[in-house]
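Trainee: Quick one: this structure, given as structure tokens, is what I'll be asking you about.
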Amino acid sequence: MDQILILDFGSQYTQLIARRLRGLRVYCEILPFNAPVEEMLSRSPKGIILSGGPSSVYDKAAPKPDPAIFTMGLPVLGVCYGMQLMAQVYGGNVSKAAKREYGLGRLKVLKGSRLLKGVSGGINVWMSHGDEVKRAPRGFRVTARAAGSDISAMESPERGLYAVQFHPEVHHTEKGTKILENFARGICRYTERWTPASFLAESVAEIKKRAAGKTVICGLSGGVDSSVAAVLAHKAIGNKLRCIFVDTGVLRHGDRERMKEVFRDKFGYSLKIVDASALFLGRLKGVTSPERKRKIIGHTFIEVFDKEARKVRDAAWLLQGTLYPDVIESVSVKGPSAVIKSHHNVGGLPKKMNMGLIEPLRYFFKDEVRELGRSLKIPEPVLMQHPFPGPGLAIRVLGEVTPDRLKLLREADRLMREEIQAAGWYSKIWQAFCVLLPVRSVGVMGDERSYEYTIALRCVSSVDGMTADWSRLPHDLLQKISARIVSEVRGVNRVVYDITSKPPATIEWE
Ligand code: XMP
């Protein structure tokens, strides 16, 4: 399959380049900046993109690719740091900008550029750089200039070299997608129309080959990723796939039943449902710290899953729904970021179980997994569900998790989701859920004073969960949800709506 390679120099936007290209139906992969040339060539790429990055080309430890990439006969596009690198290699002049440019800038596109074809006049672009190219190397033509006459783009079409100082992959750059399309389709001559489904046959064959007749265990979580991975694997190996679903006791209303209905009743898979709720709730008794809750649930999950998996004879492989962003994270040059919340639900599984991993979704982004799921005829309610954290409702019952509190929250959550779905808002939201606050307040019901719990509604829009904004739900929908919760859920007399974005808040309350 044709592809474009993206070399990662540590920019926070590298993934975005990949997502934009894939959105254009151009298959691409991200490799670390120092990937050996042989590895690149073994993929028969049609072109290479050098990402941005936080370094200066003059830093001692500046990341540098193998210089051979410029002479492999493939078109190369340098973005930001990638442009400065190209300029340096070809003898241009790169130096510190008078001031760090960050945010929107305006530039003027000059005539005759191949890369900027169809992008004329002045455009707004997203900048994020400390260095800049002061003089273009010999043989390069400047194709765009910023207001202060700085060089914003340059190219040398004879050598297949193109560069931009700004970030075409960032949404705020006008015609940014057009620029990436010009590079991939016009310059690299990428003609295929890639879709996630074009991986189907290949993925199925790969799983079959790896499993080599042995049994594969799959931990179905109820989420989109493990569901799609399971359907793919089942296509490859049929009932050599053994699915295990652990009821942790902190699931939402209907989660367990839906898994049974879809995977066992409808698809006919081998699915073992393990009810470990008593064990989980017992261990959570008296625990109030969010991180302790996460750890207990993480360890207990591994323990229960491991015990079940050991009962399966001949099990040699573990199927996991790892997605491309996690794979990129592990190959990229970024440093470790601060741990705000430890997400480690099944991370310890493969190590503990000493099994080989099969990860059929490791080259896909989330939206592509949904697309793939659709082509596999997985029901929409499974594909379109909101992300649900491994520690489940335990981190949405603030303070101690007791069966009574869980029941309250589960019921309120069910009502909220019902109303949001009925109003047609479910698919417009990244996550919508209820949180049970550990405070009671005074209310009046009928003629009586009440002193009961508060439910907070949390609805956010987001692309990847890294940042989020609160959803502007219509007031009458909020009113309906609130009225139903206080009248139908015994023990709740107040409902509030969370109007904080992330950052500074997080999506979950714990
Ligand atoms: P926060 O609350 O950190 O959440 O803004 C970002 C996204 O991650 C989910 N989340 C978790 N997922 N284990 C998970 O598998 C966890 O411990 C966990 N904590 C938060 C959250 O639901 C949101 O989608």
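Trainee: Round to a whole angstrom and tell me the spacing of the C-alpha centers of region 254-295 and region 92-123.
Mentor: The distance from the Cα centre of region 254-295 to that of region 92-123 comes to 53 Å.
Trainee: Name the chymotrypsin sites (Phe, Trp or Tyr not before Pro) in region 25-101 that are in a loop by DSSP and that have at most 12 other C-beta atoms within 10 Å, would you?
Mentor: Here the chymotrypsin sites (Phe, Trp or Tyr not before Pro) that fit, given the DSSP loop and packing criteria, are Tyr58.
Trainee: For the chain, what does the accessible surface come to per residue with a 1.4 Å probe? Please give it in Å².
Mentor: For the chain, the per-residue accessible area is 45 Å².
Trainee: If you don't mind, another one. Quick one: pull the percent of accessible area on the chain belonging to carbon and sulfur, 1.4 Å probe, ligands and nucleic acids left out.
Mentor: Exposed carbon and sulfur together represent 52 percent of the surface.
Trainee: Sort 98-106, 292-300 for me by packing, meaning the mean count of neighbouring Cβ atoms within 10 Å per residue, highest on top.
Mentor: Highest-to-lowest ranking by the protection proxy: 292-300, 98-106.
Trainee: Given only helices, namely DSSP H runs of n ≥ 4 each adding -39500 (n - 2.57), what is the per-residue ellipticity at 222 nm of the chain, to the nearest 500 deg cm²/dmol?
Mentor: -8500 deg cm²/dmol, from helical runs alone.
Trainee: Where a Cα-Cα gap under 27 Å defines reach, which lysines qualify for Lys117, not counting those fewer than 8 residues away within the same chain?
Mentor: Cα-Cα hits under 27 Å: Lys46, Lys108, Lys134, Lys175, Lys178.
Trainee: Got the relative contact order for the chain handy, in percent, Cα pairs under 8 Å and 6 or more residues apart?
Mentor: RCO, the chain: 11 percent.
The values are calculated or read from the model by the stated rules, or taken from the named source; none is laboratory data. Computed from a predicted model, the values in this text were never measured in an experiment. Please note: Cβ atoms are built from the backbone with ideal geometry, for glycine as well, and neighbour counts cover all protein chains shown. Heavy atoms of the whole protein, side chains included, go into the accessibility calculation; ligands, DNA and RNA do not. Shrake-Rupley method; radii C 1.70, N 1.55, O 1.52, S 1.80 Å.
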